[in-house]
Ligand code: 13P
């Protein structure tokens, strides 16, 4: 399970129409479904999930969602529950993305969402990351803390369903300060492993670690080879089937 590279596309609130979503998804799927060493997951807006699901055939390309609520039913206008997601046959959910945290999602809410998603049988892509780096290493403490709160009450047996994506906020999006380096990602991937080992001892090996933030066709391989990660969480570049295919091919060819 751990040996395949995991490449996840987070489409955020794009594209603008279902026609474009179908076009992009079918193009990505065509290239991705021949890759043996890569598991590809596309996370489109909720509204497109039912339609795109019809294009799923094998296991190499799957669909995930970008958020969930933490109750399975109730008067929560506009929210979607883990049970509803799982009833559609969708198996992964991104939780705690920095763009959701910026809208008011707290560490405690992230923790509740993680627990609810696991209970519904979903795999969780937990996003963590600092807004800025400081010389004293406070950002490492911040990430350690985000993980400890998010995984409160998550048992060892659920660890294979946890994927942690390190996404430094300063490296995300078209206004990113700079792209992170493979060393930046390596430092945090080591920190994440330490945090997990302190929480779970040797069972922590089951947790996959991803890097996300301005990943493109040119830097993907560098991150995959030099940051001790199991895959990538890709934003903008996952909406361009040509560039995303380059990323997938880099992952396929890693020795
Ligand atoms: P970009 O790849 O567009 O920087 O976005 C990263 C991200 O937020 C993925 O979740």
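The values are calculated or read from the model by the stated rules, or taken from the named source; none is laboratory data. It should be emphasised that the depicted structure is a prediction, and the values quoted were computed from it without experimental measurement. Ideal geometry is used to build each Cβ from the backbone, glycine not excepted, and the neighbour counts take in all protein chains shown.
For every residue, the table says whether it meets (1) over 22 Å from residue 10 (Cα atoms); (2) exposed (fewer than 15 other Cβ atoms within 10 Å of the Cβ); (3) touching a strand residue (DSSP E or B) at 6+ places or on another chain (Cβ under 6 Å); (4) modelled with pLDDT of 95 or more.
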{"site": "162", "(1), (2), (3), (4)": "no, no, yes, yes"}
{"site": "168", "(1), (2), (3), (4)": "no, no, no, yes"}
{"site": "171", "(1), (2), (3), (4)": "no, no, no, yes"}
{"site": "174", "(1), (2), (3), (4)": "no, yes, no, no"}
{"site": "181", "(1), (2), (3), (4)": "no, no, no, yes"}
{"site": "185", "(1), (2), (3), (4)": "no, no, yes, yes"}
{"site": "191", "(1), (2), (3), (4)": "yes, no, no, yes"}
{"site": "196", "(1), (2), (3), (4)": "yes, no, no, yes"}
{"site": "201", "(1), (2), (3), (4)": "yes, yes, no, no"}
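If I ask for residues that are over 19 Å from residue 94 (Cα atoms), surrounded by fewer than 13 Cβ atoms within 10 Å (Cβ to Cβ) and at pLDDT 95 or above, which ones from segment 1-28 would you list?
Answer for segment 1-28, where residues must be over 19 Å from residue 94 (Cα atoms), surrounded by fewer than 13 Cβ atoms within 10 Å (Cβ to Cβ) and at pLDDT 95 or above: 16, 17, 19, 26.
Kindly indicate whether residue 84 is without any contact (Cβ under 8 Å) to a residue 24 or more places away in the chain and surrounded by 16 or more Cβ atoms within 10 Å (Cβ to Cβ).
When the stated conditions are applied, residue 84 passes them.
Six or more apart or on different chains, Cβ atoms under 7 Å: show the pairs whose first residue is in segment 149-169 and within 16 Å of residue 192 (Cα to Cα) and in contact (Cβ under 8 Å) with a residue 40 or more places away in the chain and whose second is more than 16 Å from the ligand (Cβ to nearest atom) and assigned to a strand (DSSP E or B).
154/162
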